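Structure record follows, encoded as structure tokens.
The values are calculated or read from the model by the stated rules, or taken from the named source; none is laboratory data. None of these values were measured; they are calculated from a predicted model. Cβ: placed from backbone, ideal geometry, glycine included. Neighbour counts: every protein chain shown. Only protein heavy atoms, including side chains, enter the accessible area calculation; ligands, DNA and RNA are left aside. Shrake-Rupley method; radii C 1.70, N 1.55, O 1.52, S 1.80 Å.
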Amino acid sequence: HWALLSVSLLNCLVSAACTVGLALAIALTIHSRGLRLVTGCNSPALPPDARANIVTNECPFNTTRIYDTALALWIPAMVLAAAEAVLSGRCCLVALIYRGIGPCARGYSREQV
């Protein structure tokens, strides 16, 4: 029971931190219109908007679709990390019920688990 409690609590905290980090990355990317995604490319030919179609040899990657691709990957990852945090929190609650700790440990909930 203690192993379930500690691992689920740790996973809940890490998943919540991932959710907050991804939300911050999405907010900064949308606020800067994708300019922060191409800051590693030191080319004066880069447009101020990362969604503009341009391919330069100074940049190690294709900058044409990085804005849309980053958001398309980060938003589902944030949703899945939030779901993982919720499920880990529920596992932590079950471990607390098994240990007899908490408000619902002595009631009907323990019999159902």
**Asked** Restricting to region 3-49, what's the tally of residues that are of a type in the set (Val, Ile, Thr), at pLDDT 90 or above and either in a loop (DSSP other than H, G, I, E, B) or open to solvent by 40 Å² or more (accessible area, probe 1.4 Å) (or both)?
**Response** 3
**Asked** Which condition does Gly102 not pass, out of (1) in a helix (DSSP H, G or I); (2) under 27 Å from Leu13 (Cα atoms); (3) at pLDDT 60 or above; (4) of a type outside the set (A, V, I, L, M), if it passes all the others?
**Response** (1)
**Asked** Of the residues Ala81, Ala95, which is surrounded by 17 or more Cβ atoms within 10 Å (Cβ to Cβ), of a type in the set (Gly, Ala, Ser) and modelled with pLDDT of 95 or more?
**Response** Ala81
